[in-house]
Amino acid sequence: MRIPIIAGNWKMHKTAAESVEFVESIKDQVKGTDVEVVICAPYTLIHSVKEAIQGTNIKLAAQNMHWEDQGAYTGEVSPIMLKELGVEYCIIGHSERRQYFNETDETVNKKVLAALKHNIKPIVCVGETLEQRENGETDALVKAQVVKAFAGVPAERVAEIVIAYEPIWAIGTGKTATAEQANEVIYNIREVIRDLYGEEIYTEIRIQYGGSVKPSNIEEIMNQEDIDGALVGGASLKPDDFVGLVNF
Ligand SMILES: O=C(CO)COP(=O)(O)O
């Protein structure tokens, strides 16, 4: 039984005071849910969100990390540092990081392995551009991203990883993939995991959809057979919308 996971990716938004106000205003409204509720905070807010979610069912994620434990990497943050702050999940390989910060399938793989080493659960993002979709390259591309991200991951750790399928053309554009389109790709991603790890494991891994998810389309998305949750940007910034997503 896969527990659905709704994660809010705040990206580069909010001050510490705003983050606390947000948690205060949602915590009672999300406590009855059966879904896992996660806030992916910028580094500067991790401490304040950690304090604010104490005693609630809300979990804490970071949006990125380095793969080394420590070292001369100015401006970077290591998995050890995140673990110390109580981070449970970490987004890895978001398309914005691939696009603007030279994240590659190789660095994604290093980060996935490093996260697992420190018992941080990776939320691994994959997805295609509009051009790639129009050229019919979606499945091959997403498959390659998944295969490379999982290189060296032992079978017994696979279920700790969450995959987020985020078509780049649907992020922040208001264009959502139809629920059927999203489900089709997600079904194929699960087949990739079956090819890699076999029958027992492939049903355990959770795969989210991300890209212009909002309260008005969450139900349709969550009703799809293979979709186990959502990774949400814009709509996760507003308390009412986020509560609406969690209690879809
Ligand atoms: O990138 C996303 C979540 O990681 C999706 O962002 P939007 O929900 O704003 O489209």
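Overview of results
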quantity	calculated
Single unsatisfied condition, I168 versus (1) over 12 Å from V142 (Cβ atoms); (2) in contact with a helix residue (DSSP H, G or I) (Cβ under 6 Å, 6 or more places away or on another chain)	(1)
Top-ranked residue in the range 214-229 [being more than 17 Å from I171 (Cα to Cα) and in contact (Cβ under 8 Å) with a residue 60 or more places away in the chain; ranked as surrounded by the fewest Cβ atoms within 10 Å (Cβ to Cβ)]	M222
Residue list for the range 75-104, restricted to those being farther than 17 Å from L60 by Cβ, surrounded by fewer than 17 Cβ atoms within 10 Å (Cβ to Cβ) and in contact with a Lys or Arg (Cβ under 9 Å, 6 or more places away or on another chain)	T104
Qualifying residues in the range 156-202 (those that are among the acidic types (D, E) and touching a Phe, Trp or Tyr at 6+ places or on another chain (Cβ under 9 Å)) - the one surrounded by the most Cβ atoms within 10 Å (Cβ to Cβ)	E166
Hits in the range 131-178 (condition: within 12 Å of V192 (Cα to Cα), out of contact with any strand residue (DSSP E or B) (no Cβ under 6 Å at 6 or more places or on another chain) and not hydrophobic (A, V, I, L, M, F, W, C))	D139, K143, K148
Leading residue by the ranking (modelled with the highest pLDDT) among those in the range 138-177 that are more than 15 Å from the chain's Cα centre (by Cα) and hydroxyl-bearing (S, T, Y)	T138
When residues of the range 148-182 are limited to those that are among the β-branched types (V, I, T) and under 19 Å from D226 (Cα atoms), the one nearest to the ligand (Cβ to nearest atom)	T176
The range 137-155: number of residues that are crowded, with 18+ Cβ neighbours inside 10 Å and part of a loop (DSSP other than H, G, I, E, B)	2
Listing of helices (runs of 4 or more DSSP H) fully contained in the range 43-136 that carry 2 or more residues being more than 26 Å from S212 (Cβ to Cβ) and in contact (Cβ under 8 Å) with a residue 12 or more places away in the chain	46-52, 79-84, 105-117
Residue count, the range 17-40 (criterion: out of contact with any Lys or Arg (no Cβ under 8 Å at 6 or more places or on another chain) and either within 16 Å of the ligand (Cβ to nearest atom) or part of a helix (DSSP H, G or I) (or both))	14
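Yes/no per residue for (1) within 15 Å of the ligand (Cβ to nearest atom); (2) in contact with a Cys (Cβ under 7 Å, 6 or more places away or on another chain); (3) modelled with pLDDT of 95 or more:
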| residue | (1), (2), (3) |
| --- | --- |
| T203 | no, no, no |
| Q208 | yes, no, yes |
| S212 | yes, no, no |
| I218 | yes, no, yes |
| I221 | yes, no, yes |
| I227 | yes, no, yes |
| S236 | yes, no, yes |
| V243 | no, no, yes |
| F248 | yes, no, no |
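The values are calculated or read from the model by the stated rules, or taken from the named source; none is laboratory data. Here the structure is a predicted model, which is why all the values come from computation and not from measurement. Note that we place each Cβ from the backbone using ideal geometry, even for glycine, and neighbour counts take in every protein chain shown.
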